[in-house]
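Below is one structure, written out as structure tokens; comments come after it.
The values are calculated or read from the model by the stated rules, or taken from the named source; none is laboratory data. Keep in mind that what you see is a predicted model, and the values were worked out from it rather than measured. Quick reminder, even Gly has a Cβ in these numbers, built from the backbone with ideal geometry, and neighbours come from all protein chains shown.
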Amino acid sequence: MRCPHCGSDDDKVIDSRTLANGESIRRRRECLSCGFRFTSYERIEEKPLMVIKRGGRREPFERQKLERGIIRALEKRPISQLSIENLVNEIEDQAAMKGKTANEIPSSELGEMVLDNLYSLDKVAYVRFASVYRKFETVVEFLEVIERLDHGPEHPAASPEPAAADPTANGCGSD
Ligand SMILES: [Zn+2]
């Protein structure tokens, strides 16, 4: 595959994983020319996971969009790229699992999924994401979320904290 960084066609697959719905495979690749790492997917084309927006409109699930929102919430937080990627992978897997039957998932469920996962990873990012996602209109709503930090999220994540949540626990050496 062509490296999005330098355009070289030589790469090696460093990780390959079947997603939770069993219908797509995610491959982590490394460019042999410049070392850039990127992700590719192999999936059945006719069945993209659809996100049901408010009002019933459907649009295809977009990993990049999810990732952008998460990166924004984690801006300047001490969280490694690897942890962010693991988080996005985790949410993508959960979404695929949830939407397995009808091949679609309400955007509200997706949002709550992000909140639950961010809660385990970084409380500041959790509050940031909640404030954007829930579009707080009053200070009271904001304070309610802050208060919840002492009690855990409304819908606790079923899975335990991701192993890479500790930014010091991986050998990424991003400093
Ligand atoms: Zn390259």
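A few remarks follow.
- GLU46 satisfies every condition listed in (1) at pLDDT below 90; (2) part of a helix (DSSP H, G or I) except (2).
- ARG2 vs. criteria among the basic types (Lys, Arg) and within 16 Å of the ligand (Cβ to nearest atom): yes
- Test: residue in segment 79-93 that is in the same structural domain as VAL124 (by TED's automatic domain parsing) and assigned to a loop (DSSP other than H, G, I, E, B): yes
- Search result, residues across segment 94-133 that are assigned to a helix (DSSP H, G or I), farther than 21 Å from ARG57 by Cβ and of a type in the set (Lys, Arg): LYS123, ARG128
- Whether a residue is more than 14 Å from ALA95 (Cβ to Cβ) and more than 16 Å from the ligand (Cβ to nearest atom) was assessed, and ARG29 does not pass this test.
- Condition check for ASN103: closer than 30 Å to LYS12 by Cα and either modelled with pLDDT under 90 or more than 16 Å from the ligand (Cβ to nearest atom) (or both): no
Yes/no per residue for (1) in a loop (DSSP other than H, G, I, E, B); (2) more than 20 Å from GLU59 (Cα to Cα); (3) aliphatic (A, V, I, L, M):
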site: HIS5; (1), (2), (3): yes, yes, no
site: SER8; (1), (2), (3): yes, yes, no
site: ALA20; (1), (2), (3): yes, yes, yes
site: ARG26; (1), (2), (3): no, yes, no
site: ARG29; (1), (2), (3): no, yes, no
site: CYS34; (1), (2), (3): yes, yes, no
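- For segment 32-55, the set of residues classified as within 16 Å of the ligand (Cβ to nearest atom) and more than 23 Å from ILE91 (Cβ to Cβ) consists of LEU32, SER33, CYS34, GLY35, PHE36, listed by residue number.
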